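A short write-up of the structure that comes next.
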Amino acid sequence: MTAEPVTTTQSPLPAQVPPTVRASLSPSRAADFKTCPLLYRFRSIDRLPERTTVEQARGTLVHAVLERLFDLPAVGRTPAAAGDLVAPQWDRLVTEQPDLAELFDGSEPAGPVEFLRSAAGLLEGYFAVEDPTRLEPAERESLISAVVDEELLIRGYLDRLDVAPDGALRVVDYKTGGAPREAFEARALFQLKFYALVLWRTRGVVPRVLRLLYLRDAEVLDYTPDADELVRFERTVVALWRAIEQATARQDFRPRPSRLCDWCSHQALCPSFGGTPPPFPVAAAGADPLRDARSAPVTPGTDE
């Protein structure tokens, strides 16, 4: 499964939210509901903690290095320079989130060393598919948002946005896991279509390319959306939110078992595995509909 970065940033609201807006949604939370409504509940309503994995921390670290790499002059964006950023960026992340240090309990002295080495290996995969000396990204780790259906705020973080001289947009997303099978590829493209919809609604331009860079396998997946497809996708997003609202009002979020259950942190509470969910939060039905935008964590590099 593709490793995703761990949460490092809180999401701000856009400067101006129209008074008609009733709710907000990120691509990760929308994908959660599509995958398993109970998972959406555990993450977005119950707010159950999830232990950070080594893979998630590695993803966060690699994203941080690639963001900082473009702070360097073009000629200095070399594999060696990227490797030199690994340890300082990890130190910064641990300072900001001390719990990351708990990933290595000291029983294996080589653990942190091997962890940093593996992150550097993923960066080698990046240089195998792109030459950063020829790129000048317009935006990195950028929060974007738009209002659809007059009442739903959709938002997320772009890993990178490239703008060509003719104004064409390319959305780039870094994936630190291996190139996915079809089920995981669909989830990744769902996220990028979400970003494409936001950019189209706010800038009037349909991105020419949605690009996934799979660093472990040094593979590139390009996808070209069109306006008709984004119209259909917008309807899908709005329908998803309406289904979420109905499930919240009914306090009815059912599990949807799949292969993705192997990576779920909440099997002990899931009826599909003999568990019992906690009582539904009393305040959930009447909660601030914009809390997803005001207080839910957002992960640069993913969206949430």
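Bear in mind that the values in this text are calculations on the coordinates, not laboratory data. None of these values were measured; they are calculated from a predicted model. Cβ coordinates were reconstructed from backbone atoms using ideal geometry, including for glycine residues, and neighbour counts include every protein chain displayed.
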_Rounded, prolate or oblate (a/c below 1.5 giving rounded, otherwise prolate when a/b exceeds b/c) for segment 54-134 by Cα gyration tensor_ = prolate
*For residue 127 and residue 201, compute 0.36 nm times the residue count separating them, minus their Cα-Cα distance, and round to one decimal in nm.*
23.4 nm
*Please work out how much length the chain gains when fully extended from residue 282 to residue 268, using 0.36 nm per residue of separation minus the C-alpha to C-alpha distance, in nm with one decimal.*
2.8 nm
*Separation between Cα centres of segment 25-41 and segment 237-279, rounded to whole Å*: 8
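Pull out the extension gain between residue 136 and residue 249, defined as 0.36 nm times the separation in residues minus the alpha carbon to alpha carbon distance; nm, one decimal. Walk me through the intermediate numbers first.
On the way: separation 113, 0.36 × 113 = 40.68 nm, distance 4.67 nm.
Difference between extended and current length: 36.0 nm.
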*Could you sort 231-242, 149-160 so that the peptide with the highest average Cβ count within 10 Å comes first and the rest follow in order?*
149-160, 231-242
_At R0 = 35 Å, how high is the FRET efficiency between residue 186 and residue 70 if r is their beta carbon distance? Nearest 0.05 is fine._
0.75
_Packing-based ranking, highest mean first, of 189-197, 209-217 given that Cβ atoms within 10 Å are counted_ = 189-197, 209-217
*Peptides ranked, highest mean first, by Cβ atoms within 10 Å: ranges 35-48, 265-278*: 35-48, 265-278
